[in-house]
1. Short version: ³J(HN,Hα) in whole Hz for each residue of segment 176-189, in order, from phi by Karplus 6.51 cos²θ - 1.76 cosθ + 1.60 (θ = phi - 60°), x for Gly and Pro, what are they?
2. From the helices alone, meaning DSSP H stretches of at least four residues, give me the mean residue ellipticity at 222 nm for the chain, per-run term -39500 (n - 2.57), in deg cm²/dmol to the nearest 500.
3. Find the all-direction average of the projected area of the Cα convex hull for segment 57-133, expressing the result in square nanometres with one decimal place.
4. How large is the convex hull of the Cα atoms of segment 356-450 per residue, expressed in Å³ as a whole number?
5. Show the residues, 5+ positions off or on another chain, whose built amide H is closer than 5 Å to the amide H of Leu34.
6. Looking at Ile328, Tyr461, Val54, which one has the Cα that reaches farthest to the positive end of the dipole of the chain (charges on Cβ: Lys, Arg +1; Asp, Glu -1)?
7. Report the accessible area of Arg453, computed with a 1.4 Å probe over the heavy atoms of all protein chains in place, in Å² rounded to the nearest 10.
8. For Ala75, what residues show an amide H to amide H distance below 5 Å, using hydrogens built from the backbone and excluding near sequence neighbours?
Amino acid sequence: MKKLFLTCAAILAACVAMAAECVIVPRPVSYEPLKGKFALSSKTVVYVADKSLVRPASMFCKYVAEEKGLQLNVAEGVAPSKGLILLSIDKNLAPEGYTLEITKKGVTIKGGSEKAVFYGLQSLRQVVFHAKGGKKVKVDCMKVEDRPHFGYRGGMLDVCRHIFTVEEVKKYIDILAMHKLNRFHWHLTEDQGWRIEIKKYPNLIKVGSMRKETAVYGTNPKNGRTHITGYDGKPHGGYFTQEQVRDIVRYATERYIEVIPEIDMPGHMVAALASYPELGCTKGPYEVRTKWGISKDVLCAGRESTFEFIEGVLDEVVALFPSKYIHIGGDECPKHRWKACPECQQRIKEEGLKDEHELQSYFMKRVEKYLAEKHGRSIIGWDEILEGGLSKTATVMSWRGTKGGIKAAKMGNDVIMTPNQFCYLDYANTSDRVKNGEPICGGRNGKRPLTLRKAYSFDPYDQLSESERKFIKGVQGNMWTEFVPNFDRVQQMILPRTAAIAEVGWTYGEKNYDDFARRMHLLRKLYDKCGFKYAPYFFNGIE
Ligand code: ACM
Ligand code: ZN
């Protein structure tokens, strides 16, 4: 009899534990299921102890209305005695840390800041979404203590190779917010299109925002790589007005996301050269590039007028973006033109530089100094900024693997890890792109796949000592759009892999891919509810 009782108790306990497994992505630092359920209904009031919390509270109510069909209300000042979701700020918690406690009586979220409360609400949003019930939603009781490991958790979107609408960019921001990412790195300028209105230089949008056609790519049967099969003959372009930029920055800020603009220099500047040919060593003529890859034509580093141009652009950029960082690119700048340009060579001589790599370093350091002294901003650059000498204060974004990031951390520079093999979301989702029907893509057209499992496996501290780790500020997923012509495809490339990158950034420590995969199958339902598209492969058991 006693044995039977024990067996029943064990089964019951197992059922309770099973029902109350953690459903939150990214996984919280600490999760404890509690007994019982909280009944959420339209009578539940979200009570905010601080006026600043009305915004996240209202956002949460919007989510619950859309995703669960329940209209909750926000109240300040008077705390009703039951059916309550209570939000408050507790300065003892980490700035992005929060606690979430759900008991039969109600829900309490405390956060180290307004933003941290928002993260607590993002967790509650997922818990509520997965809970059963219509008019009365039965939410599992639990205790969560949570804080992110890395302060910088980003997503990059290239709007240059293909442009997207304001509404689409906002949807991208919604996706970042759902995963508790806090930086939107907006890649705004390229060889193939200049996408931000700069009033001082109107040709940037009159000329530079439009390419006359785009190369059509196919798979080369000889080596499986991409190759050009023709041109589409269709102009492609567009730009974001300053008003639209402000709107997007506001939208992101409301979701506690800082927007970091990237003005990529001195390479990847052909759209600007087409607009103002005197910016190039050969003075042109140039046209907005119609194929992908790297152009030999770059900004002339010898002429003073180049720096006047860059400063004029950056003056308007900093006025639009309140971010601490401005990304100034620095990647893939061939040195052919500088080698042949008398003015660039003159600069090398005058400044006592060793070679063209040092000239690039001179360029980046000069722009960094301008941004710091005139505008109080810091720079981020791609890992090429290590070549030819790195300033002490630049933040390095490591993209050609982790090598550059490791080197920079060892030198004591801040680093954001976005190595292509773990974080490039234009790479194939599966190990056999062709067999699985994945479209043409980056990463040698699928030869370097990035499965969800691989993205999840990334360790940003790999090969770094304890004392070097502090320079790793965070991680970021990069959405390059050469082979991503519309926003449905953007979503299918960023989801679900953005969730893995978010978990790498948020939950450092022991990894459990099976548990992550279990939670991803749940999160997929929320993607569906939100109308987010995603790659189907992982969900269909294909890697
Ligand atoms: C890069 O992928 N060129 C930063
Ligand atoms: Zn030059």
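1. Here the 3J(HN,Hα) series is 4, 4, 4, 9, 6, 7, 10, 9, 10, 8, 9, 7, 10, 9 Hz.
2. Helix-only estimate at 222 nm: -11000 deg cm²/dmol.
3. Computing the convex hull of the Cα atoms and averaging its projections yields 5.1 nm².
4. 106 Å³
5. Here the answer is Cys141, Met142, Lys143, since their amide H atoms fall under 5 Å of that of Leu34.
6. The residue sitting most towards the positive pole is Val54.
7. 110 Å²
8. Residues meeting the criterion, in which the H sits 1.01 Å from N, are Val46, Tyr47, Val48.
The values are calculated or read from the model by the stated rules, or taken from the named source; none is laboratory data. From a predicted model like this one, the values you see are computed outputs, not experimental measurements. Neighbour counts are summed over all protein chains in view; Cβ atoms, including those assigned to glycine, are modelled from backbone coordinates with ideal geometry. Side chains are part of the model used for accessible areas, which takes the heavy atoms of the whole protein and leaves out ligands, DNA and RNA. Shrake-Rupley method; radii C 1.70, N 1.55, O 1.52, S 1.80 Å.
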